[in-house]
Amino acid sequence: EAGLEECCPSLTWQQRLWGFGLCFAFGMVLSYMSGFYIVRPAKFAVIYTLGNLLSMGSTMFLMGPSSQFKRMFHPDRAVATILYLTTMVLTVFVARKTGKVVLVMPLIFLQWVALVWYSLSYIPFGQRLLKSAVNFCCAGICY
């Protein structure tokens, strides 16, 4: 809360909620709109990743930047955060360097998987539940 007061001292709770909602919604719109540029991998990857960053950063309106970063790199979710940020950087880098859809699409998929894993780190037992569900599904397929 102290970090939020330093960053946005004059925002009311309602204004913070609006900031969160608008930033998150704009991020989602960008992520979905990126699909229009699927044939232009660099543009697609940049727009998709920017949408993810905006959605992820929207919670800074609610808790403040310093609290957000502390939570992102808490030992329980540091690996998920690093994987998510790394896949974002790799996606944009590969898209801008190669421009090949066949290289960008697997990275977009990995970015999405990292987003799910990162998001589940905020839900008590979320990652454990996903692991159990995947193990259950794989056991049914493999046996």
> Among the residues of region 90-137 satisfying the criterion of being of a type in the set (Phe, Trp, Tyr) and more than 16 Å from the chain's Cα centre (by Cα), which is most open to solvent (accessible area, probe 1.4 Å)?
Replying inline: PHE136
> Which residues, counting only those in region 66-89, are of a type in the set (S, T, N, Q), over 19 Å from MET28 (Cβ atoms) and surrounded by 14 or more Cβ atoms within 10 Å (Cβ to Cβ)?
Replying inline: SER66, SER67, THR81
> Among the listed residues ALA114, ALA42, ALA95, which satisfies the condition of being of a type in the set (Gly, Ala, Ser) and out of contact with any Leu (no Cβ under 9 Å at 6 or more places or on another chain)?
Replying inline: ALA42
> In region 38-60, how many residues are more than 12 Å from ILE108 (Cβ to Cβ) and open to solvent by 10 Å² or more (accessible area, probe 1.4 Å)?
Replying inline: 12
> Is one or more of the residues making up region 60-74 in a loop (DSSP other than H, G, I, E, B) and either farther than 30 Å from LEU130 by Cα or without any contact (Cβ under 8 Å) to a residue 40 or more places away in the chain (or both)?
Replying inline: yes
> Which of the following residues is more than 15 Å from ARG16 (Cα to Cα) and surrounded by fewer than 19 Cβ atoms within 10 Å (Cβ to Cβ): MET28, MET63?
Replying inline: MET28
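The values are calculated or read from the model by the stated rules, or taken from the named source; none is laboratory data. Only a predicted model underlies this, so the values are computations on that prediction, with no experimental measurement involved. Neighbour counts are summed over all protein chains in view; Cβ atoms, including those assigned to glycine, are modelled from backbone coordinates with ideal geometry. Accessible surface areas use protein heavy atoms only, side chains included; no ligands, DNA or RNA. Shrake-Rupley method; radii C 1.70, N 1.55, O 1.52, S 1.80 Å.
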